[in-house]
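Inspection log for the structure reproduced underneath, given as structure tokens.
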Amino acid sequence: MQSVSVRAHGSSANLGPGFDCFAIALDAVYDEVTVSLADTNEIEINVIGDNVPEDPRKNVAGVVAMEFSRNHGITTGLKIRIAKGIKPGYGLGSSGASSAATAFALSVLFGKNLDRPALVELASAGELASAGVAHRDNVAASLFGGFSMWIEGPPKRVINIPPPDDLYLAVAMPLIEIPTMKTMYARSVLPQSVDFEKHVRNTANASEIVVGFMLRDARILGEGMRDEIVEPVRSKFIPGYASVRRAAFSAGALGFTISGAGPSLLAVCDQRQVAVSVLKEMKSAFDSEGISSDGFVSRVGSGCSVIH
Ligand code: ADP
């Protein structure tokens, strides 16, 4: 085998109270990464689509490939072609999807058959390089799909639950360039200590999300998407957050939260038609604040798959 192409979906991490642990894969957006053996001993990256670095030390795919080569004593050069379908910097797990696809493709190409925690660890090496933090929640959802929980352990493990059939997501992306929303900054504003009462309520809400997925009930999981610890701080950096939230609930959303570190906002619905109206209302709420936005309706996505 000389070449493997893998599709990896974007993801929404946290879902409110599941900070750094929960994520869902987003079916509507994905990257496709092709890893091929090269004649040289270099790692060469070619990006189609969004403007992300092609320097292998700066592109997460290059970082993952270097880590893999180091771990497995591989000296062969690699050509990595990335077709970007997920806009970077919007909290949609763009770098996580490229990292996941590259890790998965390398494991297949070299017949390593890495297990799930090993794939997460390898992919998160890319995240560590791009964001300064190893986002295991994003890469776990992109790798394995569905609703995904990264459990630090020990032992480290990933639990995935398939989504309810009637779960639809409306994702609105405000087209704002806020350097402060970069993941590193978004983390620097996190509270240093947590009020005990808030912790108790967040634990109950996070449990409701898990129960909602297990009972395949979009209403229950939507109700759990309320975070009293991180979201109140991060939402201040998203202009229009409060009015977009109101608009989503008035149009029939069952839950609402920031996608990852933002600025994208995510609403949970139980019918496609409702999700379409919710997205329309979220976008017009951004419009009323003078902010243009993009967006999409999505199902929960599957994990990485080899496409050829
Ligand atoms: P997201 O919000 O989509 O998770 P991040 O803000 O965490 O994205 O990461 C985006 C950063 O990672 C950008 O600075 C981008 O240049 C860098 N990056 C490096 N490689 C990639 C890649 N293959 N795909 C997307 N972003 C990448």
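Six or more apart or on different chains, Cβ atoms under 6 Å: show the pairs whose first residue is in region 239-251 and within 14 Å of Ala275 (Cα to Cα) and whose second is open to solvent by 20 Å² or more (accessible area, probe 1.4 Å) and not β-branched (Val, Ile, Thr).
Ala247/Glu281; Ala251/Ser277; Ala251/Glu281
Take region 79-107 and flag every residue that is more than 15 Å from the chain's Cα centre (by Cα), crowded, with 24+ Cβ neighbours inside 10 Å, without any contact (Cβ under 8 Å) to a residue 60 or more places away in the chain and more than 7 Å from the ligand (Cβ to nearest atom).
Ile80, Ala103
Suppose we filter region 215-263 for residues that are assigned to a helix (DSSP H, G or I) and over 17 Å from Glu281 (Cβ atoms); how many remain?
Residues that pass the stated criteria total 13.
I'm trying to understand the selection: among the residues of region 212-238, which are open to solvent by 40 Å² or more (accessible area, probe 1.4 Å) and more than 22 Å from Ala275 (Cα to Cα)?
Glu228, Pro232, Lys236, Phe237
Applying the selection to region 24-53, what residues are within 15 Å of the ligand (Cβ to nearest atom) and loosely packed, with under 15 Cβ neighbours inside 10 Å?
Selection gives Asn46, Ile48, Gly49, Asn51, Pro53.
Quick check on Ser69: is it polar (S, T, N, Q), touching a Ser or Thr at 6+ places or on another chain (Cβ under 9 Å) and assigned to a helix (DSSP H, G or I)?
yes
Limited to region 8-23, what total is found for residues that are more than 14 Å from the ligand (Cβ to nearest atom) and either within 25 Å of Ile45 (Cβ to Cβ) or aromatic (Phe, Trp, Tyr) (or both)?
Number of matching residues: 2.
The values are calculated or read from the model by the stated rules, or taken from the named source; none is laboratory data. Please read all numbers here as calculations on a predicted model, not as lab measurements. Heads up, the Cβs are rebuilt from the backbone with ideal geometry, glycines too, and the neighbour counts pull from every protein chain shown. Only protein heavy atoms, including side chains, enter the accessible area calculation; ligands, DNA and RNA are left aside. Shrake-Rupley method; radii C 1.70, N 1.55, O 1.52, S 1.80 Å.
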